[in-house]
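Below: the structure, in structure tokens.
The values are calculated or read from the model by the stated rules, or taken from the named source; none is laboratory data. Nothing here was measured: the structure is a model prediction, and the numbers come from that model. Quick reminder, even Gly has a Cβ in these numbers, built from the backbone with ideal geometry, and neighbours come from all protein chains shown.
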Amino acid sequence: MALRYIERSLEPVLEKAASEFPAVVLTGPRQSGKTTVLQHLFRNRNYVSLEPPDVRAAALEDPRGFIDAFPPPVIFDEVQYAPVLLPYVKEKIDANRHEAGQYILTGSQNLLLLDKVTESLAGRAAVLRLLPMSRREAEGRPQAMLPWESAEEGIRRKGTSTRQLWPDFLRGYYPELVANPGRDASLWHAGYVQTYLERDVRRIRQVGDLSQFQSFLTALAARSAQLLNLSDLAKDLGVALNTVKAWLSVLEASYQIIVLRPYFVNIGKRLVKTPKVYFIDTGTLCYLTGLKDPEHAASGPLGGAIMETAVLTEIIKVLTHQGLEPRVYFWRTSTGSEVDILVEVARELVPIEVKLSATPRPAMASVIRTFQADFGDRALPGYVVHPGEVRLPLGPGATALPFSEL
């Protein structure tokens, strides 16, 4: 039985880009739905996947002949397998520069692909990203705005019930799992991680010992949402610091993690400069840390990290699927004051605290008020996001917001 198609927030952005640029490059992690959304939106185009070895060999052997065999409009899927095609795509575009939507290219590996795109298609291609589904996409509300984006900010928006939050966090938001609720999520994630190890890690960087890299993944997941000390991580794993840095870059390049960097501004306080790392999908995080029971996930030592990952990735996905580059940070002073998430909006800052308790209290917003006092007019009203169902004011400039309404 065919899986139901779930509308993605990026669709109008993709269509607009294809109507304005000669080429569109769509990147994102494996299984995020790139091929599905493109075949849904652009049904009348030729579609060519470069992943099969015979097709790839033909492209590498005679790139000019290969390009001539598939005239535009055409979709070239997984183009990182044959980046040699890009100069010839550029040549075709330059021969007919005024025509929009000639080529749509996809790729799952950021570093390998975007370096080649920048070199060959600068000024000719719109580059967009498709991440795993946001919660609003999974609920059929793909164009729902973030609270601070909407003029109707005070209106309650009911999503999925709070009871379903933790089972969904455990399952994750990759489209195949969302569209097929009967699919075994643990088996799916096991296959995904193994495929990722075999394909992408070996392709991006030669990793001699995959079991050691698997240990790195598990250790990194256990440190999710914490300040990341790479020296300590390398020491715990018994590998060189440069090896850990290289492995981290592989994960970031293939969209498996978000490296959240601290926000710096001279306000007379010493600030922490160490980044934090989050996995792009809560299901991947739960799988790597061995969590299989929603109650254990919610009440265990990683409950706060999972909740924080869910909030951060929802914000990142919404902004990314609007075609924007998310400007998201955290703020922490050397004395321990910390705002979990800062979203920069037109040079103003939305402070967000994430709490595991479903019973919000005014004291939970204290760090938001500290931040607002330090940043003055640049600080917008803040939010304390929690897993409960209550939305209420927590004093001036702060609102308790259920995750289901984020």
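Of the residues that make up segment 358-379, is at least one in contact with a Phe, Trp or Tyr (Cβ under 9 Å, 6 or more places away or on another chain), assigned to a strand (DSSP E or B) and without any contact (Cβ under 8 Å) to a residue 60 or more places away in the chain? So far as segment 358-379 goes, yes, one or more of its residues are in contact with a Phe, Trp or Tyr (Cβ under 9 Å, 6 or more places away or on another chain), assigned to a strand (DSSP E or B) and without any contact (Cβ under 8 Å) to a residue 60 or more places away in the chain. Taking segment 335-371 as the range and being among the polar types (S, T, N, Q) and farther than 22 Å from residue 390 by Cβ as the test, the residues that pass are 335, 337, 370. Out of 123, 65, 101, one residue alone is without any contact (Cβ under 8 Å) to a residue 60 or more places away in the chain, out of contact with any Phe, Trp or Tyr (no Cβ under 6 Å at 6 or more places or on another chain) and on the phi > 0 side of the Ramachandran plot. It is 123. Taking each residue of segment 239-261 that is more than 17 Å from residue 27 (Cβ to Cβ) and looking for partners that are in a helix (DSSP H, G or I) and among the hydroxyl-bearing types (Ser, Thr, Tyr) with beta-carbon atoms closer than 7 Å, six or more apart or interchain, yields 241/231.
Only one of the numbered conditions (1) within 27 Å of residue 186 (Cβ to Cβ); (2) touching a residue at least 40 places away in the same chain (Cβ under 8 Å) is violated by residue 296, and that is (2). Residues of segment 31-62 that are in contact (Cβ under 8 Å) with a residue 24 or more places away in the chain, of a type in the set (A, V, I, L, M, F, W, C) and more than 16 Å from residue 5 (Cβ to Cβ): 48, 50, 59, 60. Number of residues in segment 356-396 that are surrounded by fewer than 18 Cβ atoms within 10 Å (Cβ to Cβ), among the small types (Gly, Ala, Ser) and over 23 Å from residue 169 (Cβ atoms) equals 5. Residues in segment 163-197 that are assigned to a helix (DSSP H, G or I) and basic (Lys, Arg) were compared, and the one that is modelled with the lowest pLDDT is 163. Looking at segment 35-139, the strands (runs of 3 or more DSSP E) lying wholly inside it that each contain 1 or more residues that are surrounded by 14 or more Cβ atoms within 10 Å (Cβ to Cβ) and charged (D, E, K, R) sit at 74-77, 125-129. Counted as qualifying within segment 236-325 are the helices (runs of 4 or more DSSP H) with 1 or more residues that are at pLDDT 95 or above and hydrophobic (A, V, I, L, M, F, W, C), namely 282-288, 303-320.
Out of 4, 43, 30, report the one residue that is at pLDDT below 95 and not assigned by TED's automatic domain parsing to the domain that holds residue 91. It is 4.
One line per residue, one yes/no per condition, for (1) within 23 Å of residue 9 (Cβ to Cβ); (2) in the same structural domain as residue 316 (by TED's automatic domain parsing); (3) modelled with pLDDT under 90:
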{"position": "57", "(1), (2), (3)": "no, no, no"}
{"position": "62", "(1), (2), (3)": "no, no, no"}
{"position": "113", "(1), (2), (3)": "yes, no, yes"}
{"position": "116", "(1), (2), (3)": "no, no, yes"}
{"position": "123", "(1), (2), (3)": "no, no, yes"}
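Just the residues that are more than 17 Å from residue 174 (Cα to Cα) and part of a loop (DSSP other than H, G, I, E, B), please, taken from segment 17-34. Hits for segment 17-34 are 21, 22.
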